[in-house]
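Okay, so here's the structure we're looking at.
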Amino acid sequence: MTLLPGDGIGPEVAAATVRAVDATGARIHWHEVELSGAVIERTRQSVPDEVLRSLDDTKVGLKGPVTTPVAGGFQSVNVALRKKLDLFANVRPVRSFPGIHTRFEDVKIDLIIFRENTEDLYSGLEHEVVTDVVTSLKVITRTASIRIARYAFHYARTHGRRKVTAIHKANIMKLADGLFLRCAREVAQDYPEIEYKELIVDNASMQLVMRPETFDILLLPNLYGDIVSDLAAGLVGGLGLVPGANMGQSHAVFEAVHGSAPDIAGKGVANPTALMQSAVLMLRHLDERASADKLQAAIERVYADGKTVTPDIGGRASTTQFTDAVIAAM
Ligand code: ATP
């Protein structure tokens, strides 16, 4: 198992998660490798060789966030890693949590985001045509669109989910989003038992806020998937909670939806739940089912009790106090 603590709040939530996973009794051998803004600057590699070597060896990683410089600087490490390992599916389950007070606590939210993870406006192909005129290429291919659609529908079939909603803006981007949509429709035909719907991304955003309980599986190209993930996280209590998995043919890297949260880094108050729940997904992937259930149940017990939660959830507990409570609840 490769452990990439990242930077910002990454090392804090990663240390907490390792403690919690080890306390379940799962036999995980952690191979820790540094992946941070500092190491990228030093090695001048978007993903240092040591990270790739370790992941090639272990095939499975647990990753904290890595800061991406805004409007300049090096390429996003997160994007580079997903491309290098061809982690084509970004899967993000978003569920209401008992004990967490939100504006939406009367509805039960249980949706899963399937975000295409390798192309779209994340191609990084930007160009200054002349001074003050730039273009940014949105790349959509049939191969990647069919692949993410199949992954989402296959998941729906094998996990008893009822509906897939493809989200797009094909009324404006007729070619690019049109191709994404055609691929989704084509794949949907092979899954007649799964209801298939389409929504334009602006309308989808409103529907998610008005009627979040009506959504099941969401299928999105890369950029809409990114934005809608944070929106969906906001429905259930924020970025401190929502986990994720980056899945490829041969590798899997589990990481929270949130970024490096520089505003709270080093203060000992980051919520490690999102990375802990990413570790639950990782344990399931490794077929360590008993440990996964144990960790998930312990996290839920701490929230149901409500006394030891971090400031983002309205509590006063530190990262360490929350982690102690999770371990005590096992
Ligand atoms: P990125 O672009 O790298 O995904 P971002 O701009 O979305 O990052 P985040 O770093 O995810 O920003 O943080 C957004 C807000 O959410 C910040 O105010 C941060 O404090 C809060 N936040 C994110 N993760 C956590 C967490 N684990 N615990 C508490 N607060 C968090």
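The values are calculated or read from the model by the stated rules, or taken from the named source; none is laboratory data. Remember, it's a predicted structure, so these values are computed and weren't measured experimentally. Counting neighbours? That spans all protein chains shown, and the Cβs are built from the backbone with ideal geometry, glycine included. Heads up: the accessible areas ignore ligands, DNA and RNA and are worked out on the full protein's heavy atoms, side chains in. Shrake-Rupley method; radii C 1.70, N 1.55, O 1.52, S 1.80 Å.
Tabulated data for the structure shown
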{"item": "Cα gyration tensor shape for segment 137-243, rounded if a/c is under 1.5, else prolate or oblate", "result": "oblate"}
{"item": "Cα gyration tensor shape for segment 1-141, rounded if a/c is under 1.5, else prolate or oblate", "result": "oblate"}
{"item": "Candidate residues M1, M173, M282, M210: accessible-area rank, largest first, probe 1.4 Å", "result": "M210, M173, M1, M282"}
{"item": "Theoretical gain in end-to-end length, D56 to R27 [0.36 nm per residue, Cα-Cα removed]", "result": "8.5 nm"}
{"item": "Efficiency of FRET from Cβ geometry, D305 and D86, R₀ 45 Å, rounded to 0.05", "result": "0.60"}
{"item": "Heavy atoms of T320 accessible to a 1.4 Å probe, total area in Å² rounded to 10", "result": "80 Å²"}
{"item": "Convex hull volume per residue in cubic angstrom - Cα atoms of segment 239-324", "result": "90 Å³"}
{"item": "Listed residue pairs exceeding 18 Å between alpha carbons, taken from K83/K197; K83/K138; K63/K307; K84/K169; K267/K294", "result": "K83/K197; K63/K307; K84/K169; K267/K294"}
{"item": "Neighbourhood charge, 15 Å Cβ-Cβ cut-off, centred on V107 and excluding it, Lys, Arg +1 and Asp, Glu -1", "result": "-1"}
{"item": "Pairwise centroid distance, computed over Cα atoms, of segment 277-328 with segment 25-41, Å", "result": "21 Å"}
{"item": "Residue-normalised accessible area of segment 265-330, expressed per residue, 1.4 Å probe, Å²", "result": "44 Å²"}
{"item": "Simple label model, 7 Å out from Cα along Cβ direction - V139 to N203, nm", "result": "3.1 nm"}
{"item": "10 Å beta-carbon shell around L85, net charge (K/R +1, D/E -1)", "result": "+2"}
{"item": "Mean separation of Cα contacts under 8 Å (6+ apart) over length of the chain, as relative contact order %", "result": "23 percent"}
{"item": "Fully extended contour minus Cα-Cα distance, from H127 to K174, at 0.36 nm per residue", "result": "14.7 nm"}
{"item": "Gaussian network model of the chain, Cα within-10 Å springs - most flexible of H29, H251, H159", "result": "H159"}
{"item": "Relative contact order (%) - segment 101-236, alpha-carbon pairs under 8 angstrom, separation at least six", "result": "38 percent"}
{"item": "Shape category assigned to segment 1-71 from the gyration tensor of Cα positions, a/c cut at 1.5", "result": "oblate"}
{"item": "Distant-in-sequence amide H partners of N117 (H built 1.01 Å from N, under 5 Å)", "result": "N90"}
